[in-house]
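Taking it in order: structure first as structure tokens, then the write-up.
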Amino acid sequence: MTHRFYIGTTNQHKIREIGSILHATGCELIPTDKIDPEETEPDFVGNALIKARAYAVHAGGLTISEDSGLMVAALNNLPGPWSARFSDFEVHRDPWRLGAHHPSGLSRDEIDRKNNDLVLELMRGIEQPRRAAMFKVVMIVAAADGEILFKGENEAHGWIAPEMRGQNGFGYDPIFIGHNTFDRTYAELDRHRKDLISHRRKVLNDFQDWLGRFLRQP
Ligand code: ITT
């Protein structure tokens with residue numbers, strides 16, 4: 001039996017990873033229009049709720065959305081919810097915080113590279129064990145009337161690599177070494193390997209538990 005969900009995101013990499021992880025469960029993902037609602041909250045949950053509601057109401061059916069990002073302990077958990085466009089911000093030290101936002105208009109690939117350069121530069125001189133980091137994700141399923149049916153949070157722990165390595169994946173994958181990836185960055189992993197261990201895989205395990213209960217409802 002096929003279960004159809006709209007997938008509300010502008011990020012093709014998320015669609016590929018979520019689609020690949022859910023493939024065996026009989027879930028089919030239907031891309032929506034890229035309405036790209038403004039993410040105005042200072043946390044992942046708030047922004048995930050904004051996206052899920054906006055996309056579900058727009059699509060008119062059950063919709064999966066997520067907010068995710070990289071949190072680096074030594075940088076006061078930046079880039080955090082600002083991960084996607086981190087290098088468009090001024091970053092202040094002591095305490096670490098974001099300053100003014102200067103939209104660069106760069107493509108996703110270009111800005112991913114600038115984001116990685118910026119994190120590596122900010123981490124210069126910071127040695128292990130102070131390079132700890134994690135990928136965080138909040139995933140939501142919303143109904144066409146905006147009701148929230150599922151909310152899951154999960155994370156994958158690791159640390160920031162000394163330099164960019166690898167060609168696979170997206171975003172911060174070239175600078176993130178998982179605690180279980182034997183010193184390889186996520187971008188050096190075969191995509192199936194990342195799909196087995198990532199924050200997205202973990203939250204989708206929670207999603208599948210919810211889906212089982214949801215489908216058994218009278
Ligand atoms: P939507 O909001 O349209 O879904 P987005 O890419 O802007 O797309 P987010 O606001 O959730 O999504 O930002 C997530 C950013 O966090 C993403 O652009 C990457 O820079 C980073 N990120 C999230 N998951 C990642 C992963 O698995 N590997 C590497 N970087 C990741």
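The values are calculated or read from the model by the stated rules, or taken from the named source; none is laboratory data. Since we're looking at a predicted model, the values are computed, not measured. All Cβ positions, even for glycine, are placed from backbone atoms using ideal geometry, and neighbour counts span all protein chains on display.
For first residues located in the stretch 16-41 and within 19 Å of LYS194 (Cβ to Cβ) and free of Cβ contacts under 8 Å to residues at least 24 places away in the same chain, partners that are within 11 Å of the ligand (Cβ to nearest atom) and in a strand (DSSP E or B) and lie 6+ apart or on another chain with Cβ distances below 9 Å form the pairs GLY19/ILE7. When residues in the stretch 141-154 are screened for being surrounded by fewer than 16 Cβ atoms within 10 Å (Cβ to Cβ) and in contact with a Lys or Arg (Cβ under 6 Å, 6 or more places away or on another chain), 1 of them pass.
Of all residues in the stretch 135-158, those that are within 14 Å of the ligand (Cβ to nearest atom) and either in a loop (DSSP other than H, G, I, E, B) or under 14 Å from SER198 (Cα atoms) (or both) total 11.
Residue selection: LEU70 fails the criterion of being crowded, with 18+ Cβ neighbours inside 10 Å, in contact with a Phe, Trp or Tyr (Cβ under 9 Å, 6 or more places away or on another chain) and at pLDDT below 95. Residues of the stretch 100-111 include none that is touching a Pro at 6+ places or on another chain (Cβ under 9 Å) and either assigned to a helix (DSSP H, G or I) or among the β-branched types (Val, Ile, Thr) (or both). Would you say SER107 is under 18 Å from the mean Cα position of the chain (by Cα), small (Gly, Ala, Ser) and surrounded by fewer than 18 Cβ atoms within 10 Å (Cβ to Cβ)? Criteria met by SER107.
Let me spell it out: the conditions are (1) part of a helix (DSSP H, G or I); (2) surrounded by 14 or more Cβ atoms within 10 Å (Cβ to Cβ); (3) touching a residue at least 40 places away in the same chain (Cβ under 8 Å), and MET164 meets all of them except one. Which number is the exception? Failed condition: (1). Scanning the stretch 1-29 for residues that are surrounded by 15 or more Cβ atoms within 10 Å (Cβ to Cβ), more than 10 Å from the ligand (Cβ to nearest atom) and among the β-branched types (Val, Ile, Thr) returns ILE18, ILE21.
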